[in-house]
Amino acid sequence: MRATVRLHRRGDRWPVLRTLSFVVGLTILFWVTSGSPAIYGQVLFSAHMVAHMTLTMISPMFLVLGAPVTLALRSLPSRTDGTRGPREWILWIVHSPFGRFITNPVVAAVNFAGSILVFYYTPFFGFSLQEHLGHEFMNVHFLLTGYIFASVMIGIDPLPRKALYPLRLVILLATMAFHAFIGVAMTSSESLLQASWFGSTGRDWGPSAIADQQIGGAVMWGIGEVPTVLMAVAVAVMWSRTDAKETKRLDRKADLNDEAELKAWNRMYEELAENEEPRR
């Protein structure tokens, strides 16, 4: 909020919808880490999955649409004495080799989707349940992987490279298929994940541990698909707008140079046709 006020005082404008989107993302983040999902997620796998999918897919989407990096770069002062302030450090991180690596669309997608598989089918899941440090590491990791993935797919903040729109759609479709596969596997599984924990809570209410896990698989499938579809729609709209802008740019260029490029192509084709005629 301070950054938007600073821009306003300077005479610059910042879209209200971006501010609202970022506030919504923070509100969702606060709820999922401090509300009922965080509490019941310790005894119900389904509640844990609500927290996980909200943390990695829903909250990051709103945060990314708020364009916090762009806002920071526009509001923070630039240093001219050769030292690095907050603005310079942000630019350095974004354009560093590590920044280029983690924002590579393929790397971001593998990290985003692969983290689910590694987390639930390795001891990391048990570590997050038994240790507070593991729980906080899980929250930070899934939030960051979700944020980077959403930023690469639909973000407007500066990145070392922008992924091509067809590649974004392919990655989103692959992510949907992966979520569906894992969700169906959990829904149909009769083997309890972290049985020593969820099978020993001693609760006498709610569904059984295995039935609750199957509900959690359905939650993963359901919550995971909707944001992905919304991002795919957003990518398609962005692609269409970019093509429309490029078409207008080319039209303006043609008007300014009296369609010189088109005439050059026509002359080239005429010369090729003339050179071919004697051979016939």
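General observations
- At R0 = 41 Å, FRET efficiency that the Cβ-Cβ distance of LEU7 and PHE127 yields, to 0.05: 0.45
- Inter-label distance for THR201 and ASP81, nm, one decimal - labels placed 7 Å from Cα along Cα-to-Cβ: 5.6 nm
- Convex hull per residue volume in Å³, alpha carbons only, for the stretch 2-248: 147 Å³
- Across the chain, the mean sequence separation of Cα contacts (distance under 8 Å, 6 or more residues apart), normalised by length, yields a relative contact order of 22 percent.
- Kirkwood Rh, Cα atoms: Rg over Rh of the stretch 193-239: 1.30
- Label point distance in nm, TRP92-ALA174, each placed 7 Å from Cα along Cα→Cβ: 3.3 nm
- Take 71-84, 146-159, 206-219, 20-33 and order them by the average number of nearby Cβ atoms within 10 Å per residue, most first; the result is 146-159, 206-219, 20-33, 71-84.
- Assuming charge only on the beta carbon of Lys and Arg (+1) and of Asp and Glu (-1), the dipole of the stretch 2-248 about its Cα centre is about 1420 debye to the nearest 20.
- Its DSSP H runs of at least 4 residues, each contributing -39,500 (n - 2.57), put the calculated 222 nm mean residue ellipticity of the chain at -24500 deg cm²/dmol, to the nearest 500.
- The stretch 59-97 and the stretch 28-49 have Cα centres separated by 31 Å.
- C-alpha long axis of helix 165-188 to longest principal axis of the chain, angle in °: 20 degrees
- Prolate/oblate/rounded call for the stretch 1-112, Cα gyration tensor, a/c under 1.5 rounded: oblate
Coordinate-derived values only; no laboratory data. These numbers come from a predicted model, not from an experiment. Note that each Cβ is placed from the backbone with ideal geometry, even for glycine, and that neighbours are counted across all protein chains shown.
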